[in-house]
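Here the structure is laid out as C-alpha cells; the discussion comes afterwards.
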Amino acid sequence: MFGKRTGPPEAKPKTTPEIPDTDISADRQDPKKEAAAPTQVAAAKPVAAKPAAAPEQKLQPAADHSDLFGDERSKYNETKQSIFASLVDAVDLTELGKLNSAQVREEITDIVGEIIAMKAIVLSSSEQQTLITDICNDVLGLGPLEPLLARDDIADIMVNGPNRVYIEVDGRIELTGIRFRDNAQLMNICQRIVAAVGRRVDESSPICDARLLDGSRVNVIGPPLSIDGATLTIRKFKKDKLRIQNLVDFGSITPLGAKLLGVIGACRLNILVSGGTGSGKTTLLNALTAFIEEGERTITCEDTAELQLQQPHVVRLETRPPNLEGAGEVSMRDLVKNCLRMRPERIIVGEVRGPEAFDLLQAMNTGHDGSMGTIHANNPREAVSRVENMIAMGGFNLPAKTVREQISSAVHVIVQAARLRDGSRKITHITEVVGMEGDVVTLQDLYTYEIRGEDENGKLIGEHKPTGLRPTFWDRAKYFGREQDLVEALGM
Ligand SMILES: Nc1ncnc2c1ncn2[C@@H]1O[C@H](COP(=O)(O)OP(=O)(O)OP(=O)(O)O)[C@@H](O)[C@H]1O
Ligand SMILES: [Mg+2]
C-alpha cells in the first residue's frame with residue numbers, strides 16, 4: 001500500500017534510521033536468538049500470532065519495564081533497531097503518518113510480523129506486542145514519554161537530559177527508569193513537540209514553549225543553554241480539572257473556607273490567586289470560575305490555554321510568541337488591552353507577570369468586577385508588592401503611592417495557594433485588601449491555615465480557620481443575597 005513495500009522487507013539495515021528506540025526493556029528471553037539466517041521469506045508468516053487489529057485508539061502506553069537494565073535492555077534495543085531499520089526500508093513513513101493511529105498500528109503490526117518472520121527472531125506474542133507498541137509510539141508519538149503521558153496520576157514530567165526523567169505523583173517528585181537512547185533522540189522528540197505548534201528548537205533558538213495535542217503545557221530548553229542535554233518540562237493537562245469540592249476532599253480547604261470562596265466569587269469581587277510555582281494557582285483559578293454566572297461574558301487571556309470554564313459565554317485568548325525572525329509577538333498586555341474593547345464582564349488573566357498588571361488593574365477599576373488573575377508570590381503581602389514592581393518595571397512612571405492606590409481599589413481579595421513541604425497543596429490565606437493607611441496597602445486575613453506539627457509519616461498537621469475579622473465586603477454580600485452564607489462561612 002505504501003509504494004516502497006513491493007516485496008518482503010530486506011534485513012539490510014539502512015543508514016541509521018531517525019526514529020529512536022524506546023529504552024524500555026520488555027520482560028523477555030533472548031529476543032536476539034536468531035535461527036539460521038533465512039533468506040527466502042516471500043510467504044513467511046509471523047512466528048507469533050498476529051495480534052488482532054487494534055480498535056480506534058490513541059497511542060498505547062508501552063509497558064514500563066524500566067526496571068530492566070543492562071544486557072536485556074540493550075538486546076531489546078538492538079532487536080528493535082534492526083526491525084525498525086527494516087521497517088523504514090519497507091514503508092514510506094511519511095505516508096504512514098497520514099493514516100490514523102489505528103490504521104498505522106495495523107500496518108506496522110503486519111509489517112513487523114513479516115520482518116520478525118523473515119529474520120526468524122523468536123518472540124512470544126506479548127513480546128511482539130510490546131515491540132509493536134514501542135515502534136508505534138516512536139513513529140507516531142513521543143517515544144519513551146508515551147507511558148508517562150498515558151498515566152493520569154502524574155502532574156508533571158521533568159526530563160533532565162536523556163538519562164533522568166522525573167515525575168510528580170501525589171505531590172512528590174520521583175525518578176523514573178525511563179531513558180532516551182541519547183540526547184539526539186531526546187532532541188528529536190522535543191523537535192516533534194514544538195513542530196506541532198509551528199516552532200523549532202535548535203542551537204540558535206534553544207528555548208521554546210509548546211503544547212501537546214492533549215493540552216499539556218511544555219517547555220523545552222536545549223543545548224547549549226542546558227548543559228547536560230535537552231530539558232523538557234511537561235505540566236500534564238488534567239481532563240477533569242479539580243473543582244472546589246475536590247479541593248475540599250483533598251483537605252486543601254475546609255467546606256466553610258470553600259463557602260467563603262463561593263461568596264467571594266458570586267459577589268463579583270476581583271481576585272488575585274497568589275502562589276509559588278506548581279502550588280495550584282491555575283487549578284484554584286479554574287475552580288473559582290465555577291462561581292461565574294451562566295450569562296456573564298467572560299474573556300480569558302493565557303500564555304497557554306489551561307483554563308476550562310464551564311460557562312457557555314466564554315472567549316478564550318492566547319498569547320503568541322515571536323516567530324523565528326523575532327516578529328509577530330502578541331503579548332499578554334496586547335491581549336488584555338484588546339479585551340477591554342470586547343465588552344467583557346469578567347476578564348481572567350491566566351498569569352500576570354508583566355506590564356499587563358496595569359491593564360488588569362484598570363479593567364478591575366472600571367467596572368469589570370469579578371475579574372481574576374494569578375500571580376507568583378509567596379504570601380498576600382508579597383503579591384501586592386509584586387504587582388507594584390510589575391507596574392514600576394513596565395515604565396509607567398507613576399508615583400508609588402498612586403500605584404498602591406490603584407491596587408488597593410482594584411483588588412478585593414488575594415487567595416494564597418501553597419505546596420507545603422510534605423507535597424500537599426493548601427489554600428493558606430484568604431485575605432482581603434482593605435484600603436490604604438498612609439502609603440501602605442492594608443490587608444486583613446479572613447481565613448488562614450496554621451501548621452501545628454507533623455505526624456509520624458511526615459505529613460503536616462494543620463488547621464484552617466477564620467480569623468474572626470469581619471470583611472468589608474459584607475454589604476456587597478448582602479446586596480448579592482449571600483449574607484447568610486458569609487455568616488456561616490466565617491462562623492459569625
Ligand atoms: N489542591 C490540590 N490538591 C492536589 N493537587 C493539586 C491541587 N491543586 C493543584 N493540584 C495539581 O498540581 C499540579 C499543578 O497545579 P497548577 O497547574 O494549578 O499549578 P500552578 O501554580 O498554576 O503552576 P505554574 O506555576 O507552573 O503555573 C496539577 O497537576 C494539579 O492538578
Ligand atoms: Mg499555572
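Read-outs: derived from the displayed coordinates by stated rules, not from any lab. Just so we're clear, the structure is a prediction, and the values are computed from it rather than from any experiment. Neighbour counts are summed over all protein chains in view; Cβ atoms, including those assigned to glycine, are modelled from backbone coordinates with ideal geometry.
A few remarks follow.
- Residue match in region 389-404 (condition: closer than 22 Å to G262 by Cα and either in a helix (DSSP H, G or I) or out of contact with any Asp or Glu (no Cβ under 8 Å at 6 or more places or on another chain) (or both)): no
- So A305, is it more than 11 Å from ligand 1 (Cβ to nearest atom) and assigned to a loop (DSSP other than H, G, I, E, B): yes
- Looking at G171, G177, just one residue is under 24 Å from K80 (Cβ atoms) and in contact (Cβ under 8 Å) with a residue 40 or more places away in the chain, and that residue is G177.
Yes/no per residue for (1) buried (at least 20 other Cβ atoms within 10 Å of the Cβ); (2) among the charged types (D, E, K, R); (3) within 14 Å of ligand 1 (Cβ to nearest atom):
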site	(1), (2), (3)
A195	no, no, no
R199	no, yes, no
S204	no, no, no
A210	yes, no, no
V218	yes, no, yes
G222	yes, no, no
G229	yes, no, no
T233	no, no, yes
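- Close pairs from region 331-344: first farther than 15 Å from E302 by Cβ, partner part of a loop (DSSP other than H, G, I, E, B) and charged (D, E, K, R), Cβ under 7 Å, at least 6 apart: R343/R297
- Here is the figure for region 244-286: residues that are farther than 20 Å from R217 by Cα and either away from ligand 2 (no atom under 16 Å from the Cβ) or assigned to a helix (DSSP H, G or I) (or both) total 26.
- Considering region 290-305, the residues that are buried (at least 22 other Cβ atoms within 10 Å of the Cβ) and within 16 Å of ligand 2 (Cβ to nearest atom) include one that is nearest to W474 (Cα to Cα), namely T300.
- Residue in region 364-372 that is crowded, with 21+ Cβ neighbours inside 10 Å, of a type in the set (S, T, N, Q) and either more than 20 Å from E306 (Cβ to Cβ) or away from ligand 1 (no atom under 16 Å from the Cβ) (or both) present: yes
- Checking each residue of region 321-333 against the condition of being farther than 20 Å from M390 by Cα, within 16 Å of ligand 1 (Cβ to nearest atom) and touching a Ser or Thr at 6+ places or on another chain (Cβ under 8 Å) gives no match.
- The residues in region 428-445 that are part of a strand (DSSP E or B), over 14 Å from L272 (Cβ atoms) and touching a helix residue (DSSP H, G or I) at 6+ places or on another chain (Cβ under 7 Å) can be counted, and the count is 2.
- Filtered residues of region 97-113 (kept if farther than 19 Å from Q129 by Cα and among the aliphatic types (A, V, I, L, M)): L99
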